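Contents: one structure, followed by commentary.
The values are calculated or read from the model by the stated rules, or taken from the named source; none is laboratory data. Every value quoted in this text rests on a predicted model; they were computed, and no experiment measured them. As a convention, Cβ positions derive from the backbone with ideal geometry for all residues, glycine included, and neighbour counts pool all protein chains shown.
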């Protein structure tokens, strides 16, 4: 094999993979997946490719969309019988690419497997800085916080005195967005499920108010907390909370559509507001976005996030689960409220 080649471990290697066996109906379960094991060799590499050892996987709610099988040119569809696609971090074991060498640490669009072959030319491959751990690259400085940063600073930056409402505020993206709004001078209200999460938002994230949607009437609380309306709504949830927010938006309010987790486990597509004339007469702007819309500004986002976190102005929780064999069960915890912060799976490589 030409190019830069590593000498770590045996070649070929035994490679575990979690395949999507059936398309979930409702909450994903371990029965929707199949664990297989095969061999993977550096001899399979083509020019421009890398063999990487996966170390961490991010459990992202949008992965549930990929499993649905609904063809949509704007997001990928997970094929049946193939390894489950996931954001990943790991290190180069063998290289047939002039710009990469064994030991290089990367984040990339990978799959649930011990090892895999990736092609940097396809995009979605980034180097991890020498002064950053893989956990930092996937957690506090990774995909979710960067998404929150761009949603706040690019899509709907606050003006002095704005009221910002954030749904899914105790989640990885929502908590970061809420805290950035606080830092930029907004009055921030977070919506979360359960008293423990709401207390964390108030005491640790220092939000101005929190609404427990499981035990409180969201509409009544919005009337009380925001008599003049909501200026910015950063939505991670959709559904009834989106509708309540639309009905309480101030004139010329802005709605940032980051996610719609309330509908991810439904067979139907996510629905928008029921009364669009409220949007018309309120001159309300609704805008969706992706982190990939702002790739040229990732260094800016990482720099500011790191600075805020070093000063204790933004806190970030990481929930690391160890064990490749538990990946499907861990992923399900995103949808049943059992995770606390960015949910990562640490791969236990078989020797």
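Quick notes on this one:
- Applying the condition of being part of a loop (DSSP other than H, G, I, E, B) and closer than 29 Å to residue 184 by Cα to the stretch 308-336 and asking which residue is farthest from the chain's Cα centre (by Cα) yields 311.
- Test: residue 321 is touching a residue at least 12 places away in the same chain (Cβ under 8 Å), outside the structural domain of residue 153 (by TED's automatic domain parsing) and in contact with a strand residue (DSSP E or B) (Cβ under 8 Å, 6 or more places away or on another chain): yes
- Test: residue in the stretch 253-260 that is part of a helix (DSSP H, G or I) and not assigned by TED's automatic domain parsing to the domain that holds residue 32: no
- Filter pass, residue 37 being crowded, with 19+ Cβ neighbours inside 10 Å, more than 29 Å from residue 340 (Cβ to Cβ), touching a strand residue (DSSP E or B) at 6+ places or on another chain (Cβ under 9 Å) and in the same structural domain as residue 115 (by TED's automatic domain parsing): no
- Residue 262 being modelled with pLDDT under 95 and under 18 Å from the mean Cα position of the chain (by Cα): yes
- The condition (being touching a helix residue (DSSP H, G or I) at 6+ places or on another chain (Cβ under 7 Å), in the same structural domain as residue 122 (by TED's automatic domain parsing) and either under 21 Å from residue 142 (Cβ atoms) or modelled with pLDDT under 95 (or both)) is satisfied by just one residue among 53, 43, 105: 105.
- Meets criteria (without any contact (Cβ under 8 Å) to a residue 12 or more places away in the chain, surrounded by fewer than 21 Cβ atoms within 10 Å (Cβ to Cβ), in the same structural domain as residue 54 (by TED's automatic domain parsing) and within 23 Å of residue 295 (Cβ to Cβ)) for residue 77: yes
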